Amino acid sequence: MSELKNDLILKALKGEQTERVPVWMMRQAGRYLPDYLKLKAKYDFFTRVQTPELATQITLQPIHQVGVDAKTPHLHII
């Protein structure tokens, strides 16, 4: 397993001091992203949720593109 590069949200959850307030988003906030829309057009719902690589890619898109610290996946909209 690779080393965690951003543990800001974990520190905040443990009540530790952080250098800033962590930002997180729900998956729904990424539904407008062009990369997500391409995957949605290419793969049906069940393929997206039953393929770990696709589900992971979809889950991480807003983190990489928007720059938040964490996200909450919601399978009903993957």
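The values are calculated or read from the model by the stated rules, or taken from the named source; none is laboratory data. Everything numeric in this text was worked out from a predicted model, so none of it was measured. Neighbour counts are summed over all protein chains in view; Cβ atoms, including those assigned to glycine, are modelled from backbone coordinates with ideal geometry.
Can you find a residue in the stretch 12-28 that is assigned to a helix (DSSP H, G or I), touching a helix residue (DSSP H, G or I) at 6+ places or on another chain (Cβ under 7 Å) and modelled with pLDDT under 80?
Residues of the stretch 12-28 assigned to a helix (DSSP H, G or I): 12-13, 27-28.
Now restrict to residues that are touching a helix residue (DSSP H, G or I) at 6+ places or on another chain (Cβ under 7 Å): 27-28.
Subset that is modelled with pLDDT under 80: 27-28.
Yes; the residues of the stretch 12-28 include at least one that is assigned to a helix (DSSP H, G or I), touching a helix residue (DSSP H, G or I) at 6+ places or on another chain (Cβ under 7 Å) and modelled with pLDDT under 80.
Just to be sure before I move on: is Thr47 in contact with a helix residue (DSSP H, G or I) (Cβ under 8 Å, 6 or more places away or on another chain) and at pLDDT 80 or above in the structure I sent? If you could, list the steps in order and put the result at the bottom.
Numbers: in contact with a helix residue (DSSP H, G or I) (Cβ under 8 Å, 6 or more places away or on another chain): yes; at pLDDT 80 or above: yes.
Criteria met by Thr47.
Just the residues that are in contact (Cβ under 8 Å) with a residue 12 or more places away in the chain and under 16 Å from Trp24 (Cα atoms), please, taken from the stretch 47-62. Before the answer, list the steps.
Step one: list which residues in the stretch 47-62 are in contact (Cβ under 8 Å) with a residue 12 or more places away in the chain, which gives 48-49, 54-55, 57-59, 61-62.
The answer is Ile58, Thr59, Gln61, Pro62.
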